[in-house]
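Everything below concerns the one structure shown next.
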Amino acid sequence: MENNSWKIIDEIVAYDNKWISLHHCNVINPNGGKGIYGKVHFKNIAIGIIPIDEDENTWLVGQHRFPLNIYSWEIPEGGCPLDEEPLAAAKRELLEETGLVATEWNQILTMHLSNSVSDEVSMVFIAKGLTQQEAEPEDTEQLQIKKLPLREVFKMVENNTVTDSISVAALQKLELMMLKEKAI
């Protein structure tokens, strides 16, 4: 059952830019029927970072998200070009968005964000040993930064104030890790 039972008859790139390409595929599905499939190919790995200080505070980044036309509170996130090391991208993104530099890094999560229509992969890191420097946001970013206790941020996930998928998955994974650690 783990073999690929989809057959691609032909594939064209219907749209392409610096960040994504949209592929239109004529296929034979697993049951033998002809059909079409669209796939969004991401040209970056999505990187998320949960910075944690010695008092169990973290930082959230607020920004308007164009595709949804809403304001969103998220963990610091960014893109990692496929030829860049994910940890290097995480360090760069944390500094850009929050001005934080960390001495301790731990990857806690790898996930596929919407595997029914895209090949986007996300990696999430915990960052500790923090020092504050000047943030270096990109010119397309208009960010608001909040430092909050982790417990409060976990509640923001629970009450749907934080809805970004990387943030929700990362924060829930962290909460489970912390609960497991306290149970030992």
Legend entry - Loop GluC sites (Glu not before Pro), the stretch 91-184, which have at most 16 other Cβ atoms in a 10 Å radius of their Cβ (DSSP): Glu134, Glu138, Glu141
Inset, instruction - Can you list which of the GluC sites (Glu not before Pro) found in the stretch 36-85 are DSSP loop residues with at most 11 other C-beta atoms within 10 Å? - result: Glu54, Glu56
Inset, instruction - Using the number of other C-beta atoms within 10 angstrom as an exposure proxy, rank Tyr71, Tyr37 with the fewest first. - result: Tyr71, Tyr37
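Please give me the summed charge of the neighbours of Val40: other residues whose Cβ is under 10 Å from its Cβ, Lys and Arg +1, Asp and Glu -1. Spell out each step's value before the answer.
Numbers: positive: Lys39; negative: Asp119, Glu120.
Value of the local net charge: -1.
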Inset, instruction - Taking the Cα centre of the stretch 44-183 as origin, sum charge times position over the Cβ atoms of Lys and Arg (+1) and Asp and Glu (-1), and report the length of that vector in debye to the nearest 20. - result: 600
Inset, instruction - Divide by every residue of the chain the summed helix terms, -39500 (n - 2.57) for each DSSP H run of at least 4, and state the resulting mean residue ellipticity at 222 nm, rounded to the nearest 500 deg cm²/dmol. - result: -7000 deg cm²/dmol
Legend entry - Built amide H within the under 5 Å cut-off of Ser72, gap 5+: Gln63, His64, Arg65
Legend entry - Local net charge near Gln133, Cβ-Cβ under 13 Å (Lys/Arg +1, Asp/Glu -1): -2
Legend entry - Whole-angstrom gap from the stretch 144-184 to the stretch 96-118, using each part's C-alpha centre: 14
Inset, instruction - Considering only Ile166, Ile49, Ile70, give the residue with the highest GNM mean-square fluctuation for the chain, with springs between Cα atoms whenever their separation is below 10 Å. - result: Ile70
Inset, instruction - Counting only C-alpha contacts under 8 Å and six or more residues apart, can you give the relative contact order of the stretch 87-130 as a whole percent? - result: 39
Legend entry - Counting DSSP beta bridges with both ends in the chain, the antiparallel % (nearest 5): 85
Legend entry - Label of the coordinate-derived value, Rg/Rh (Cα atoms, Kirkwood Rh), listed as (1) 1.93; (2) 1.11; (3) 1.04: (3)
Inset, instruction - Using a Gaussian network model of the chain whose springs link C-alpha atoms within less than 10 Å, name the residue from Gly32, Gly129, Gly99 with the highest mean-square fluctuation. - result: Gly32
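Only sites in a loop by DSSP and with at most 10 other Cβ atoms within 10 Å count here; which trypsin sites (Lys or Arg not before Pro) in the stretch 1-100 make the cut? Numbers along the way, then the final one.
Details: sites: Lys7, Lys18, Lys34, Lys39, Lys43, Arg65, Lys91, Arg92; in loops: Lys18, Lys43.
Loop-located and lightly packed - Lys18.
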Inset, instruction - Have a look at Ile126, Ile50, Ile36 and tell me which one the Gaussian network model of the chain (Cα, springs below 10 Å) gives the largest fluctuation. - result: Ile36
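Arranged by the count of other C-beta atoms within 10 angstrom, fewest first, what order do Trp59, Trp6 take? Each step should come with its number before you reach the end.
Details: Trp59 23, Trp6 11.
Lowest to highest Cβ neighbour count: Trp6, Trp59.
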Legend entry - Cut-off 10 Å between beta-carbons: net charge of the residues surrounding Arg65, Lys and Arg +1, Asp and Glu -1: -2
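Values in this text are rule-based calculations from the coordinates and carry no lab data. None of the values given here were measured: they were computed from a predicted structure. Positions of Cβ are backbone-derived with ideal geometry, glycine not excepted, and every protein chain shown enters the neighbour counts.
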